[in-house]
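Novice: Below is the structure I would like to discuss, written out as structure tokens.
Any read-out appearing in this document is the output of simple, stated calculations on the displayed coordinates, not a laboratory observation. Source: prediction; values computed, not measured. FYI the Cβ positions are ideal-geometry reconstructions off the backbone, even for glycines, and counts take in every protein chain you see.
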């Protein structure tokens, strides 16, 4: 039985206890807020969630013949929304490089109305390869930067027309809910229409906002409180001693499934003034979050040789992955073995819960599926000490040595 317990889960809410409680007090606000903010070169349109904003965009462009080019991997909700509005034969996949951190090739298309890009692993992909496609088809480019790079910039590239963000419980900025998108001012008709579409939605009630905040309390305690997580994982370790089916892995899977912190379905709402206030007050809190993510990720990556970084984190670009999710890539057939290996040391981990491919076949889907199936989430670095980070990295290196030894034996 492992003596060491990593007091961290695969997720982290980047706010303090007092900041968390402060969102409950914002329920008392009587002030009214606009769900948009005008800036010189763009308008910030604010919604109930990033997925509600993306659906509004897709509804705006909806017609039977809309043709899009898009990256192969998306958050489940974004994938579902695309498939809701676009015929399978009109979805063309942009090929990413083998490390899934840059665009390698754009599809050959006679027509393209819309490009949808999902940035991965807390980094931005370079969109310059889309310049020719945009010039040829005059298409509009939407980028999902929820898991993109620094928020010091509004768009990752000058050719992007809309950039979508989340301010959910584990995002940056964090407002325990809500989403927003930047739309360049030249799309004045789109800006006006999306504001009108949000205004036509049913208003989120204070009671719903209160309930949503209450539901986040267990996640906050588990992901942020070292004392609570220590007791939680110690209890699992105790039960595992007597009941082998109860493990850190099985509990992590069950908790993520029952309480992910968002919904894939009930999200078409106009944000309440309480939620709007939480967002207005926290648009700039991403800065301290990004500093924390950079510091912890630097400590973690320095534990690995260039060879191991390339093997486990092929997307790494020598810059911090600005996300609470500590993502690792395992060979597809070894994922279950890896997760069980960490679970035996009572390290919280889970197979890829975030990214999905489309529900139809396309040219590169075997390659993309292999990559997607190899993604796993290990404990979030943001709430880990240096000793915990060192322990985690040593366990990963131990696993690498085991599989390397097994490969040698088979030769």
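Novice: Could you work out how far helix 50-60 tilts from the main Cα principal axis of the chain, as a 0 to 90 degree angle to the nearest 10?
Specialist: Helix 50-60 sits at roughly 30 degrees to that axis.
Novice: Rounded to the nearest 5, what % of DSSP beta bridges with both residues in the chain are antiparallel?
Specialist: Details: 24 of 39 bridges.
Once the DSSP bridges in the chain are tallied, antiparallel ones form about 60 percent.
Novice: With just the Cα atoms defining each centre, how far is segment 19-37 from segment 118-152? Give it in Å.
Specialist: Distance between centres, Cα-based: 31 Å.
Novice: Sum -39500 (n - 2.57) across every DSSP H segment of at least 4 residues in the chain, then divide by the residue count to get the 222 nm mean residue ellipticity, nearest 500. Present the calculation step by step, with values, prior to reporting the outcome.
Specialist: Details: 15 runs with 170 residues, N = 411.
Calculated from helices alone, the mean residue ellipticity at 222 nm is -12500 deg cm²/dmol.
Novice: At 7 Å along Cα-to-Cβ for each site, give me the label-to-label distance between residue 76 and residue 95 in nm.
Specialist: Simple spin-label model gives 3.1 nm for this pair.
Novice: For segment 93-113 and segment 275-292, what is the separation of their C-alpha centers, rounded to whole Å?
Specialist: So the two Cα centres are separated by 33 Å.
Novice: Going by average Cβ neighbours within 10 Å, how do the peptides 329-339, 46-56 rank, with the highest at the top?
Specialist: Ranked by mean Cβ neighbours within 10 Å, highest first: 46-56, 329-339.
Novice: Which of rounded, prolate or oblate describes segment 139-211 when judged by the alpha-carbon gyration tensor and an a/c cut-off of 1.5? Present the calculation step by step, with values, prior to reporting the outcome.
Specialist: Working: a/c = 3.28, a/b = 1.26, b/c = 2.60.
It comes out oblate by the Cα gyration axes.
Novice: Taking every pair of alpha-carbon atoms in segment 232-287, what share in percent sits in each 10 Å bin, from 0 to the bin with the longest distance?
Specialist: Cα pair-distance distribution for segment 232-287, in percent: 18, 26, 22, 22, 12.
Novice: Next up: At each listed q (0.17 Å⁻¹), what is the log10 of I(q)/I(0) that the Debye formula gives for segment 25-199 modelled as equal alpha-carbon point scatterers?
Specialist: Summing over Cα pairs of segment 25-199 leads to -1.09.
Novice: For segment 172-191 and segment 368-411, write down the distance between their C-alpha centroids in whole Å.
Specialist: Centre-to-centre distance over Cα atoms comes out at 37 Å.
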